[in-house]
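To start, the structure itself, in structure tokens.
Please treat every number below as a calculation from the coordinates, not as lab data. Predicted model only: the values in this text are computed from it and were never measured. Cβ: placed from backbone, ideal geometry, glycine included. Neighbour counts: every protein chain shown.
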Amino acid sequence: MKRSFAILAVIMFGVIFFGLITGYIERQTISPLAEYYLTQVPRELGAPNVVTGILITYRGFDTLGEVAVLFMVAASVGVLLKSKTGQDAPSAGGREPSELVRTGAEVILPLIFLFGAYVIMNGHLSAGGGFQGGAVVASGVMLLMLASPASQLHHGFLSVTESLAGVIYVSIGVLGIVFAGGFLDSHILPLGKFGTFLSAGAIPLVSALLGIKVGAELSVVIDRFRS
Amino acid sequence: MGLPVSQILLVTGFLLILIGFWGIFAHRNILRIVIGFSLIDTGIHIVMVATGYVTGGTAPIIDAALEKAHAAANAVDPVPSALVVTAIVIGFSVTAIMLSFAIRLYDAKKTLDIDAFTESKW
């Protein structure tokens, strides 16, 4: 009985979606807003990657809010999972990781962290950015936990790091009010030569801070689920 | 030429959303419901990116394949991509919170069957 209702609901959603798909006409031109971004990001911000320019400068306040959401999630996951930390040891029961996982992690872990740092620092030049690179770093931390379950993350160090990154991020935003056009304006640093590593004003700096913050927060969230 | 790119993406995204709805409606295990939510999330991301596709467009990154002067004519819409980066992070946050609630519920009743949690039913 319940199952037939579920089938009916899914079929009805399917009919709606089918109508949407068949009625969709692929766009031939971009919207005026997109055109503005596509011309202004390379010219005014000096960043080849338009998406990063939008995320970090034009919608910088949005990104700050998003980082705040991540921070709140890390905190609330900590609160929700806290009360049982006293009673059970970390590796109670469960299988040891196989030799394949351990050896593979030793080989591939430095490469994952290096790739994460590369993605973070090249966000203004190519596909990537703080969030993506931070997620890559956190996936490396997850592999580390799978390969050696006894390893402990230093929560104090991680929280100090992410708080420091957050404070510096907000300070850069305030510096934007003082020295440039507004909060989180990336013009406080010189634009530099288009397409080089040290260019696009404060975007690489903000990207690195975001990467540190997101990587630390995601690692803490993953670590909370382990106990 | 075959199917247009955005059509393929739309079909994939909406199929993922349907699978996610099925996971939520038909299963009673909380973990499966969480997985259904994640699938709906991913499907919506794909649909959003698909709506930003412009015929023949390339990634909105200025390099050898996309000159600065012709960027507005040859690139896809960068706004949905920027939105989806935000949406992915929020989706991750929601999933993390749901999973930690699932752990607490399991602690309370020693089961993950959603029919066992009748207190908040009316």
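Extending 7 Å from Cα along the Cβ direction at A:L109 and again at A:S76 yields two label points whose distance is 3.2 nm. The alpha-carbon of A:K213 sits under 16 angstrom from the alpha-carbons of these aspartates and glutamates, leaving out residues fewer than 8 places away in its chain: A:D62, A:E66, A:E162, A:D223.
In this simple spin-label model, placing a label point 7 Å from the Cα along the Cα-to-Cβ direction at both A:F179 and A:S4 gives a separation of 7.1 nm. Going 7 Å from the Cα of A:F157 toward and past its Cβ, which residues in the stretch A:207-222 have a backbone nitrogen under 14 Å from where you end up? Residues A:216, A:220 qualify, since their backbone N sits under 14 Å from the label point.
Max-minus-min Cα coordinates of chain B on each principal axis give 62, 28, 24 Å, with the largest extent listed first. From helices alone, chain B scores -22500 deg cm²/dmol at 222 nm; the rule is -39500 (n - 2.57) for each run of n ≥ 4 DSSP H residues, then divide by the residue total.
For a modelled paramagnetic label at B:E67, 7 Å from Cα along Cα-to-Cβ, the residues of the stretch A:37-53 in reach, with backbone nitrogen under 18 Å, are A:38-40, A:42-43, A:48.
Candidate cross-link partners of A:K2 among the aspartates and glutamates, defined by an alpha-carbon separation under 19 Å and a same-chain spacing of 8 or more, comprise B:D113, B:D115. Among B:L3, A:L70, sorting on how many other beta-carbon atoms sit within 10 Å of each Cβ, with the fewest leading, yields B:L3, A:L70. Averaging 1/r over every pair of different alpha carbons in the stretch A:89-227 and inverting the result gives a Kirkwood radius of 16.5 Å. Divide the volume of the convex hull around the Cα atoms of the stretch A:23-147 by the residue count and you get 203 Å³ per residue.
Taken one residue at a time, the phi angles of the stretch A:170-182 give Karplus couplings (6.51, -1.76, 1.60, θ = phi - 60°) of 5, 5, 4, x, 5, 4, x, 5, 6, 9, 9, x, x Hz. Gly and Pro are set to x.
Given 20 °C and 1.002 mPa s, how large is the Stokes-Einstein diffusion coefficient of the protein assembly as shown in µm²/s, with Rh as the Kirkwood radius over Cα pairs?
Details: Rh = 22.5 Å.
It diffuses with D of about 95 µm²/s by this estimate.
Have a look at A:L146, A:L175, A:L20 and tell me which one the Gaussian network model of chain A (Cα, springs below 10 Å) gives the largest fluctuation. Comparing A:L146, A:L175, A:L20 in the GNM, the peak value goes to A:L20.
Given H placed on each backbone N at 1.01 Å, which residues far from B:A75 in sequence or on other chains put an amide H within less than 5 Å of it? Here B:T58 satisfy the definition. The label-point distance for A:F194 and B:M98, in a model that sets each label 7 Å from Cα toward Cβ, rounds to 4.4 nm.
Within the same chain, aspartates and glutamates fewer than 8 places from B:K110 are excluded, and of the rest, those with a Cα less than 18 Å from its Cα are A:D88, B:E119. Here the 3J(HN,Hα) profile of the stretch B:50-59, calculated from phi with Karplus coefficients 6.51, -1.76 and 1.60 at θ = phi - 60°, is 4, 5, x, 6, 10, 3, x, x, 10, 4 Hz, Gly and Pro shown as x. Only helices enter the 222 nm calculation for chain A: every DSSP H run of n ≥ 4 contributes -39,500 (n - 2.57), and dividing by all residues gives -21500 deg cm²/dmol, rounded to 500. Average 1/r across all pairs of distinct alpha carbons in the stretch A:149-227, invert it, and you get the Kirkwood radius: 14.1 Å.
Across the stretch B:103-117, computed HN-Hα scalar couplings (Karplus, 6.51 cos²θ - 1.76 cosθ + 1.60, θ = phi - 60°) run 5, 5, 5, 5, 4, 6, 10, 6, 8, 10, 6, 6, 6, 7, 9 Hz from first to last residue, x flagging Gly and Pro. For the stretch A:1-46, the equivalent ellipsoid built from the Cα gyration tensor has semi-axes of 43, 14, 5 Å, listed from largest to smallest. For the pair A:E35 and A:F13, what calculated FRET efficiency results from E = 1/(1 + (r/R0)^6), where r is the Cβ-Cβ distance and R0 = 30 Å, to the nearest 0.05? E between A:F13 and A:E35, to the nearest 0.05, is 0.30.
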